[in-house]
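Nothing in this text is a laboratory measurement; each read-out follows from the coordinates by a stated rule. Worth saying up front: this structure is predicted, and the values here are computed from it rather than measured. Don't worry about glycine lacking a Cβ; one is built from the backbone with ideal geometry, like all the others, and counts go over all protein chains shown.
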Amino acid sequence: MALRHAVLAALLDGEFSGYQLAKAFDIGVANFWHALPQQLYAELARLEREGLVAGREVVQESRPNKRLFQVTEAGRAELEAFASAASKPSFIRDDLLVKVQSADRIGTEPVIAQLEERAAAADAKIELLGNLLRQLRGDEDEDEFLLRGERIGGYLTCLRGLSFEREHRDWCLRIAALLKERRTTHAER
């Protein structure tokens, strides 16, 4: 997947400025695709040159003018072609796993601290995603929303993000506890 497809998918919900798109990425898309605001602005410019999004200037009196972008028919066709193509398998690429792999050779203290930091970050993200899910479904029961909701794509990706963050937190806490226990056991020998 390229950033272009994540941007096109985010713009399906309406017309956004680069700033609004960056905020949408922070809230909803970031659980499956990370992009810096500069990358988003550059991608919007590329997509506009290619005719996949259309931008328009909005004049503002008390602020600088802004550009709003929306998906064109060509952009929708690009996204449909992407959705029809076979997906590549997921893989993990995480520097923390390299540290865990070598922890028993290089020392566990910094690795334990980083595992606990990651668990705390996952807890914060779990809370954020839980709030977002409640906001998306409103007063509806989740099962009812999933069956009858108007748009559920963002909800489904948040569910995946929530599941990932919970599992990641639990794994980090388990490995940190195990490394602490091993440190104690090896110190007693």
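Numbers below:
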item: Checking residue 64 against (1) exposed (fewer than 12 other Cβ atoms within 10 Å of the Cβ); (2) of a type outside the set (S, T, N, Q); (3) within 15 Å of the chain's Cα centre (by Cα), the condition it does not meet; result: (3)
item: Matching residues in the stretch 134-161 - criterion: being in contact (Cβ under 8 Å) with a residue 60 or more places away in the chain and surrounded by 14 or more Cβ atoms within 10 Å (Cβ to Cβ); result: 154, 157, 158, 161
item: Candidates 54, 2, 35 - the one that is crowded, with 16+ Cβ neighbours inside 10 Å, within 17 Å of the chain's Cα centre (by Cα) and either closer than 30 Å to residue 122 by Cβ or not β-branched (Val, Ile, Thr) (or both); result: 35
item: Selection from the stretch 94-111 of residues that are in a helix (DSSP H, G or I) and either hydrophobic (A, V, I, L, M, F, W, C) or in contact with a Leu (Cβ under 6 Å, 6 or more places away or on another chain) (or both); result: 96, 97, 98, 100, 103, 106, 111
item: Failed item, numbered, when residue 134 is tested on (1) touching a helix residue (DSSP H, G or I) at 6+ places or on another chain (Cβ under 6 Å); (2) charged (D, E, K, R); (3) more than 23 Å from residue 34 (Cβ to Cβ); result: (1)
item: Subset of the stretch 54-93 (residues that are assigned to a loop (DSSP other than H, G, I, E, B) and either over 25 Å from residue 19 (Cα atoms) or touching a Phe, Trp or Tyr at 6+ places or on another chain (Cβ under 7 Å) (or both)); result: 85, 86, 87, 88, 89, 90, 91, 92, 93
